[in-house]
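Everything on this sheet refers to the single structure shown next.
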Amino acid sequence: LQYVHPTKGKTSYDFIDLRLGNMEVGDLLGLADFEEDENGNKIATKFMRPSWLPTDPDSCGILFLDEINRARRDVLQAAFQLVLDKKIHEYELPKGWVVVGACNPNTDEYIVTDIGDAAFMDRFCHIKLTPTVSEWIDHAHTAKFDSDIIDFIREQPEMLASKGEDFDLEVTPSARSWEFINRLVESKAPINVLQELAIGIVGTTAAIAFMESRRSADKPFKAEQVLKEFSKIKKKIEKYSNPKDNRID
């Protein structure tokens, strides 16, 4: 992945792949050790930073937490702060890093840990990924799959995956998830992007209702908005002050 760094110019994202299903708490948080003073006296305990954590403050990358719902519950608890605050104890991820997780759905086809805890679910924007046949074929060509396999799937696409692999995302709104929506709105995300992400943050029903509300006809301002947020609504107020568009409410 390429991006334009504000000072370094065009550069690449780093990528760290962690399989939470194979990890213990110490692998994620680091192991406890003694902190010593200048005389070598042990004065406190601290956690040693795992070697895989990035330390370059100017670096950018993706910290990929795979198999989240195959992790032990104590590992999931340890991941809470990392996912939400990008911190582990005193360590903090560089600002250019993002945390991305992946897991298989909680269906009869997979033996997984239940991660339906609302506090944990709220820390993610949930995106359902269902690759199409053409996307799989493109991947197979890139990975140099045997041509007979590619041709077989092209001719019989129903054989790519069982229908049982399909699933529905169970995402519901919360006070915390609406804070995430507010960040997206303030960042002026494009409408199509905002709607897609909103579905993954507050669920389909709430997201569609919210987007429809934003698309609805002009609404009158509250006096509180005029007094406290005038700079945000100044242009609309000027529009309403125009004789052609005048509103008395």
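Largest first, the residues Y13, Y240 sort by 1.4 Å accessible area into Y13, Y240.
Using a probe of 1.4 Å on the protein chains alone, the accessible area found for K87 is around 80 Å². Loop-located GluC sites (Glu not before Pro) in the stretch 13-73 (DSSP state not H, G, I, E or B) with no more than 10 neighbouring Cβ atoms inside 10 Å: E38.
Separation of the alpha carbons by more than 20 angstrom is noted, of K95/K228; K46/K86; K95/K128; K86/K232; K188/K222; K95/K232, for K95/K228; K95/K128; K86/K232; K188/K222; K95/K232. Accessible-area rank, largest first, for F230, F80: F230, F80, with all protein chains present and a 1.4 angstrom probe.
The values are calculated or read from the model by the stated rules, or taken from the named source; none is laboratory data. Since the model is a prediction, treat every value here as computed from it, not as a measurement. Every residue, glycine as well, gets a Cβ built from its backbone with ideal geometry; the counts of neighbours run over all protein chains shown. Only protein heavy atoms, including side chains, enter the accessible area calculation; ligands, DNA and RNA are left aside. Shrake-Rupley method; radii C 1.70, N 1.55, O 1.52, S 1.80 Å.
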